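Chemist: Have a look at this one.
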Amino acid sequence: MPPNSSSSAKQLPDRVQVVVVGGGIVGCSIAYHLTRRGVTDVLLLEQNALTGGTTWHAAGLVSQLKSNHTLTKLATYTARLFEELEDETDQATGYRTTGSVTVASDPERWEEVLRGMSMARAAGIEVQILEPDQAAEKWPLMNIDDLIGAIYLPEDGQTSPVDTTMALAKGAKDRGARLVEGVAVTSIRVENERAVGVETEAGYVEAETVVIAGGMWTRQLAATAGVNVPALACEHFYVVTEPLEGVTPDLPTLRDPTNYTYFKEETGKIMAGFFEPQAKTWKYEVPRDFTFGTLPEDWEHIGPILERSIHRVPALGECGIQLFLNGPESFTPDGTYYLGESPEVDRLFVAAGFNSVGIQSAGGAGWVLADWIVEGHPPMDLSSVDIRRAFPFQGEESYLEDRIAESLGTLYAMHWPFRQFESARDVYRSVLHDRLTELGAVFGEVAGWERPNWFALEGMERVYRYSYGMQNWYPASALECEATRQRVAVYDHSSFAKFRVVGAEAVEVLNQIGGADVDTPIGKVVYTQWLNDRGGIEADLTVTRVGPEEFLVVTGAAVANRDFHTLRRALRGHDAELVDITMDLPAIGVMGPRSRDLLGALTDTPLDNRSFPFGWSQEMTVAGIPVRAMRVSYVGELGWELYVKPDRMGGLFDAVMSEGAGLGVHPGGYHSMNTLRLESGFRHWGHDISDEDTPLEAGLGFAVAWDKPGGFLGRRVLEAQRAESVRVKRLVQLRITDSSQIVYHDEPIRREGVVVGRVTSGMYGHTFGACLAMGYLYNQEGVTKEWIESGSFDIEVASVQVPADAQIRPFYQAQTRS
């Protein structure tokens, strides 16, 4: 038994309220925050010793600015917590507010840094622009010859990972939690799709809730419960020099992402850590007894990166290296960690895959997960870190080894808009893949699907040339938008997730979780939001009644796993069956003002407004091929989605493209679809709407059937909100007046110079020759039409305030009912 054990294995309780598995900084933070919420019957089990997995060798950086608003908010909370933790617990943490400096040596990186600075301001973080000589004053050992600029975050910090973990552990113990070292959890016991306890080397412990915060071991343990946590251990390298003159404790953290390196003071020495572009994966199955372990040095692998770091800090090449550390850490396929209740098993929570940001994220992760456990829902929008975003195929060893070798490198790579992963591709292909390739398709990947993002014109190279401005594919996408708005375009919708729901109680459940009324005549397509008990939007999709007791649900590819399990849980105990039929039902969208002319030439079914109105579905034949046609549109034009058996899709596509040739038909990609939906004001779940936004705040009140029999989840909250005299939060439409500027997400929105919101999504609107965006505005006196029209707005883009027009209605009035 480790000497610092807080309890004996022989004293394991028979039953507790919460078991936390894992004694790193994240597990201890969860236990700490649970006890702060009044949940003191907590048992934390660590198979070896506290901090012995990854925490002990972490660099201890505490930075606030991350890649999106959610991650930034969690990291900012961590910094504030660590500032106070030592005073609260009387346990030294080693936390120091040193600030951090991030440098840029090329224009592209400088724009990225400045855009990050603007996002930081939207989150309320203090940030300053530094000239190169000012940066050198804060880091005298730095070479600034090639620098364009730098930013300084004065409230960033550094901490001792081990001491901070011990402080969190002490805080949890002082409030009644029990921490036991040297006892491994061997499996999670599940009954009726719910976690009920853990099997350990010392016996079984029953629990109401189980949390796996096991670092590199999480994937293996979660698998015992049938839960998928796609993560893999990678080798992470840093070196520590001999003592150097001028390296003082107040030295800020220095980040040079172009050279893949961070630098920090370490007891008078320099620690230099690396996030190289192509990483080394380690083990799929991590040994149970790997504690306080390191891996062999690999100078051949890290040597070229070290040379680049010497360019920035020449002193590294003039002094001895005292320590070369190679310590494994857990990474995920998309470079973002996992939090939340597992989709497969109730009351089994996960906090894992922290991608080398576990220290700086631990406080926030502990806070939101503890709140989620206690309240039954997260305290903020956590969609970007939610474990429900993971897909089963991502847990396969070959996929993880291929993808994560690349994803580690994305930490310090350029975070380009529309950047596509190059590894672990071709998991799923549409049956139209080869045909689309012949038409010039350039594919991106979402949820494993290869999807045509744009179609290269004759003579165009079929590759992305990334930038924060107008990328090389903009002219091609502009033609796709023009074809959709003026003539007709064909989109491959095969990746859209499709679920069949059949049973006597299917309509009851679908009506209970959704705001709209789906108890309709057969053939009606209903646009609806699935809601939570707070009125927040859990999903945004369509439900089509295809039989007396049968429904077809269509949702986005990226949220397929989340939405499937949301519905599965809702149907539990009811007379209804749920089947994922995505692979069995590919689809195309025929969109544009000439779509009726095109399809009318291929079918005997009348397509006029009376015979086939908007929001309805029919079975019919197109070019002699049986299809289910839905008159819906996500691009704001007249159009139909055609669903067909896989073996008939090729013939259907060929017939549509052949008939459409005389009408100027054009294939459409997902970039143009995104542009067109933004022009039309159509929301996107995960960007413009989330479980923290209500239909009323998002301008979707029209999709709520307030008086339907039986009500719906969240109705009481929404009725109270509807009765309020003012709406303090509202989603609005924005147009950037400078056509050269493009916004993407999380940029601050100002009214009369005061920050009143942030951008949720943006895209260049080819119809208008300007960037369009959506964003939430906040005003305690009400976000009204009058308040909007009486003020002037701007959006901060890379530190520049760019004027913008704001309005409630979309800039393009959809023609879907033409």
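Chemist: Can you tell which of V507, Q807, L585 lies farthest toward the positive end of the dipole of the chain, using +1 and -1 charges on the Cβ of basic and acidic side chains (Lys, Arg; Asp, Glu)?
Modeler: V507
Chemist: Right, another one. With angles folded into 0 to 90 degrees, how steeply does helix 25-36 sit against the dominant principal axis of the chain? Use alpha carbons for both and round to 10.
Modeler: Once rounded, one gets 80 degrees.
Chemist: Then there is this: Identify the residues of segment 203-236 with backbone N under 15 Å of a label point that sits 7 angstrom from the Cα of H301 along the Cα-to-Cβ direction, or state none.
Modeler: Those under the cut-off are 232-236.
Chemist: For K708, go through the lysines and keep the ones whose alpha-carbon is under 20 Å away, minus same-chain ones fewer than eight residues off.
Modeler: Straight-line reach from K708, under 20 Å: K524.
Chemist: Mind pulling the angle between the C-alpha long axis of helix 107-122 and the longest principal axis of the chain? Nearest 10 degrees, somewhere in 0 to 90.
Modeler: Computed tilt is about 90 degrees.
Chemist: Classify segment 621-661 as rounded, prolate or oblate from the Cα gyration tensor: take a ≥ b ≥ c as the square roots of its eigenvalues, call it rounded if a/c is under 1.5, otherwise prolate when a/b beats b/c and oblate if not.
Modeler: oblate
Chemist: Moving on. Using Cα positions and a limit of under 21 Å, work out the lysines in reach of K73, with same-chain residues fewer than 8 apart set aside.
Modeler: Straight-distance partners of K73: K729.
Chemist: Could you tell me which residue out of I404, S309, L696 lies farthest along the dipole of the chain toward its positive end? Charges go on the beta carbon: Lys and Arg +1, Asp and Glu -1, centred on the Cα centre.
Modeler: Of the options given, the answer is L696.
Chemist: Set Lys and Arg Cβ to +1 and Asp and Glu Cβ to -1, take the dipole of segment 306-385 about its Cα centre, and tell me which of S361, S342, W372 lies farthest positive.
Modeler: Among S361, S342, W372, the one farthest towards the positive end of the dipole of segment 306-385 is S361.
Chemist: What does the net charge come to around R425 if you take all other residues with beta carbon closer than 15 Å to its beta carbon, with K and R at +1 and D and E at -1? Provide the component values of the computation, followed by the final result.
Modeler: On the way: positive: R403, R419, R429, R451, R462; negative: D334, E396, E401, D402, E406, E422, D426, E445, E450.
Value of the local net charge: -4.
Chemist: Rounded to a whole number, what % of the accessible area of segment 261-404 do carbon and sulfur atoms account for, probe 1.4 Å?
Modeler: Within segment 261-404, the accessible surface is 49 percent carbon and sulfur.
Chemist: Counting only heavy atoms of the protein chains, get the accessible area per residue of the chain (1.4 Å probe) and round it to a whole Å² value.
Modeler: Here the residues of the chain average 36 Å² of exposed surface.
Chemist: Also, I was wondering about something else. What is the P(r) of segment 313-368, as percent of Cα-Cα pairs per 5 Å bin from 0?
Modeler: 4, 15, 17, 16, 13, 11, 9, 6, 4, 3, 2, 0
Chemist: Using only alpha carbon pairs under 8 Å that are at least six residues apart, calculate the relative contact order of segment 81-235 and give it in whole percent. Write out the running numbers ahead of the final one.
Modeler: Numbers: 222 pairs, mean separation 33.2, N = 155.
That works out to 21 percent.
Chemist: Using a 1.4 Å probe over the heavy atoms of the protein chains, calculate the carbon and sulfur portion of the accessible area of segment 567-625 as a whole percent.
Modeler: The C+S portion of the solvent-accessible surface of segment 567-625 is 47 percent.
Chemist: Here is a follow-up. Treating only the Cβ of Lys, Arg, Asp and Glu as charged (+1, +1, -1, -1), what charge dipole size does segment 430-509 show about its Cα centre? Round to the nearest 20 debye.
Modeler: Values: 8 positive and 11 negative charges, 26 e Å.
With only Lys, Arg, Asp and Glu charged at Cβ, the dipole is about 120 debye.
Chemist: While we're on this one: Shape of segment 259-395 from its Cα gyration tensor (a ≥ b ≥ c, root eigenvalues): rounded if a/c is under 1.5, otherwise prolate when a/b > b/c, or oblate?
Modeler: Prolate.
Chemist: Also, I was wondering about something else. Rounded to the nearest 20 debye, what is the charge dipole size of the chain about its Cα centre when +1 sits on each Lys and Arg Cβ and -1 on each Asp and Glu Cβ?
Modeler: 1900
Chemist: From the convex hull of the Cα coordinates of segment 488-643, what is the mean projected area in square nanometres?
Modeler: Working: hull surface 36.0 nm².
Taking the Cα atoms of segment 488-643, their convex hull projects to 9.0 nm² on average.
Chemist: Another one. Could you pull out every one of the aspartates and glutamates with an alpha carbon less than 15 Å from that of K269, ignoring same-chain neighbours closer than 8 positions?
Modeler: Output for K269: E242, E245, D250, E318.
Chemist: Separate question: Take each of the peptides 22-35, 800-813, 627-640, 518-531, average the number of other beta-carbon atoms within 10 Å over its residues, and list them starting from the highest.
Modeler: Going from most to least packed, we get 22-35, 627-640, 518-531, 800-813.
Chemist: Roughly how many debye, to the nearest 20, is the charge dipole of segment 182-226 about its Cα centre, given +1 on each Lys and Arg Cβ, -1 on each Asp and Glu Cβ, and no other charges?
Modeler: 180
Chemist: Need the full-extension length gain, V728 to Y778, defined as separation in residues times 0.36 nm minus the C-alpha distance. One decimal, nm.
Modeler: So the chain would gain 17.5 nm between V728 and Y778.
Chemist: Cα gyration tensor of segment 591-731, axes a ≥ b ≥ c as square roots of the eigenvalues: rounded (a/c below 1.5), prolate (a/b > b/c) or oblate?
Modeler: Prolate, since a/c reaches 1.5 and a/b exceeds b/c.
Chemist: Still on this structure, please answer the following. Ignoring everything except DSSP H segments at least 4 long, calculate the 222 nm mean residue ellipticity for the chain; use -39,500 (n - 2.57) per segment, divide by total residues, nearest 500.
Modeler: Computed mean residue ellipticity for the chain: -7500 deg cm²/dmol.
Chemist: Tell me, what HN-Hα J-couplings in whole Hz come from the Karplus equation 6.51 cos²θ - 1.76 cosθ + 1.60 at θ = phi - 60° for each residue of segment 158-163, using x for Gly and Pro?
Modeler: Going residue by residue, I get 9, 8, 8, x, 5, 5 Hz, with x marking Gly and Pro.
Chemist: Relative to the longest principal axis of the C-alpha atoms of the chain, give the angle of the C-alpha long axis of helix 358-375, reported between 0 and 90° and rounded to the nearest 10°.
Modeler: 60
Chemist: Compute the normalised compactness of segment 422-504: alpha-carbon radius of gyration over 2.2 N^0.38 Å, N being the residue count.
Modeler: 1.29
Chemist: No solvent, one uniform scatterer per C-alpha: report log10 I(q)/I(0) for segment 217-319 via the Debye equation at q = 0.17, 0.19, 0.21, 0.22 1/Å, two decimals.
Modeler: Per q value, in the given order, log10 I(q)/I(0) is -0.86, -0.97, -1.08, -1.13.
Chemist: Express in % the proportion of alpha carbon pairs of the chain at distances exceeding 45 Å.
Modeler: Beyond 45 Å sits 27 percent of the P(r) for the chain.
Chemist: OK, next. Could you give the radius of gyration (one decimal) and Dmax (whole number) of the Cα atoms in segment 553-662, in Å?
Modeler: Gyration radius and largest Cα-Cα distance of segment 553-662: 15.8, 54 Å.
Chemist: In a shell of Cβ-Cβ distance under 13 Å around T98, excluding T98 itself, what net charge do Lys and Arg (+1) and Asp and Glu (-1) give?
Modeler: Its environment carries a net charge of -2.
Chemist: Let me ask another. What does the charge count around T78 come to, taking other residues whose C-beta lies under 14 Å from its C-beta (Lys +1, Arg +1, Asp -1, Glu -1)?
Modeler: Taking every Cβ under 14 Å from that of T78, the sum is -1.
The values are calculated or read from the model by the stated rules, or taken from the named source; none is laboratory data. Note that this is a predicted model, so its numbers are computed, not measured. Positions of Cβ are backbone-derived with ideal geometry, glycine not excepted, and every protein chain shown enters the neighbour counts. Just the protein is used for accessible areas: all its heavy atoms, side chains included, with ligands, DNA and RNA removed. Shrake-Rupley method; radii C 1.70, N 1.55, O 1.52, S 1.80 Å.
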